[in-house]
Amino acid sequence: MVTVVFGARGNVGRHVVAGLISSGEQVRATSREPAAAAFPPGAEVVAADLEQPETLPAALEGAQRVFLYAKPEGIDGFVAAAEAAGVRQVVFLSSGAVLNSDASSNPIALMHSVIESAIERSELAWTFIRPGMFATNALWWWQHSIRNEGVVRMPYPDSRTAPIHEKDMAALAVTALTEPGHESQAYTVWGPESLTLREQVRHIGTAIDREITVEVISDEQARVELGKTMPQIGVEAVMAGWKAGVTTPPQISTIIEKITARPPHTFAQWATDHASDFR
């Protein structure tokens, strides 16, 4: 069966492509610029853009399954094209924010809820993956200052989070796409361990064999620093998460091992995988 992977060049999508291929699946990876894409051998690469519905019928032709990322502007066109093409199942990379108490006013939660609702109303079988904090967020937060100065500036160094390796989200998606029993399931995914931000920086320092200084800054300064690398919608979500982590321990999860039958990756392993990004 053909599985179409949207967002195939993204942090999670590229691992979904690799995981499907290693499982012997037939994969069609989409890209807005297929000529510039670099995918593992064995992947069919096609041009498609979720915001351009006219590109979707060709990308979905003959496909039975889809991995989808968040793009609310194109969701109605996607659903229509997927139903017309005879797609059976969609695995959507959603967000744990949809479960928060402020979900009705949280922009990130609203963005993902729009897509979940559209898929639930459709004829498509679905699986939702709702992750918490991505470990890759550390690239947005700290990559530049670590590479150039050996410094991390943050307001709450002792705040605790439970970061998730993108490989674990991808492994969960591959399992849901290739094994039965995951239809109409919404999996909330947290990382396997609770770590302070200071501990996370220490793991990155160990991975690159470099001492990294942590400087405490104000909330206002942190918003300015984060705004240099992140959209504003993400800045406020990060700040809220960091502030909450000072007094409230983060949730951790065993869902990865339960569903995929393999242990989740630690943040130390993530730091080793991304060491070159920080050097």
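The values are calculated or read from the model by the stated rules, or taken from the named source; none is laboratory data. Please read these numbers as outputs of a predicted model, since none were measured by experiment. Counting neighbours? That spans all protein chains shown, and the Cβs are built from the backbone with ideal geometry, glycine included. Quick note on the areas: whole protein, heavy atoms, side chains included, nothing else; ligands and nucleic acids left out. Shrake-Rupley method; radii C 1.70, N 1.55, O 1.52, S 1.80 Å.
Is there a residue in region 181-195 that is surrounded by fewer than 21 Cβ atoms within 10 Å (Cβ to Cβ) and more than 28 Å from SER22 (Cβ to Cβ)? Yes, because at least one residue in region 181-195 is surrounded by fewer than 21 Cβ atoms within 10 Å (Cβ to Cβ) and more than 28 Å from SER22 (Cβ to Cβ). If the condition is being modelled with pLDDT of 95 or more, assigned to a loop (DSSP other than H, G, I, E, B) and under 27 Å from ASN148 (Cα atoms), then region 229-279 contributes THR266, HIS274, ARG279. Figure legend. Inter-residue proximity from region 42-59: first residues more than 14 Å from ILE75 (Cα to Cα), second residues among the polar types (S, T, N, Q), beta-carbon distance below 7 Å, spacing 6+ or different chains. Indicated pairs: VAL45/SER31; VAL46/THR30; ALA47/SER31; ALA47/THR55; ALA59/THR30.
Among residues that are modelled with pLDDT of 95 or more and open to solvent by 20 Å² or more (accessible area, probe 1.4 Å), LEU177 is not included.
Across region 77-108, the qualifying residues are those that are open to solvent by 70 Å² or more (accessible area, probe 1.4 Å) and at pLDDT 95 or above, and the one among them that is nearest to TYR187 (Cα to Cα) is ARG88. For beta carbons closer than 8 Å, sequence separation of 6+ or different chains, a first residue in region 6-23 that is touching a residue at least 40 places away in the same chain (Cβ under 8 Å) and of a type in the set (Phe, Trp, Tyr) and a second that is open to solvent by less than 40 Å² (accessible area, probe 1.4 Å) and outside any helix (DSSP H, G or I), the qualifying pairs are PHE6/THR30; PHE6/ALA48; PHE6/LEU50; PHE6/VAL66; PHE6/PHE67; PHE6/LEU68. If you go through region 196-228 and keep only what is in a strand (DSSP E or B) and either surrounded by 16 or more Cβ atoms within 10 Å (Cβ to Cβ) or not charged (D, E, K, R) (or both), you end up with THR196, THR213, VAL214, VAL216.
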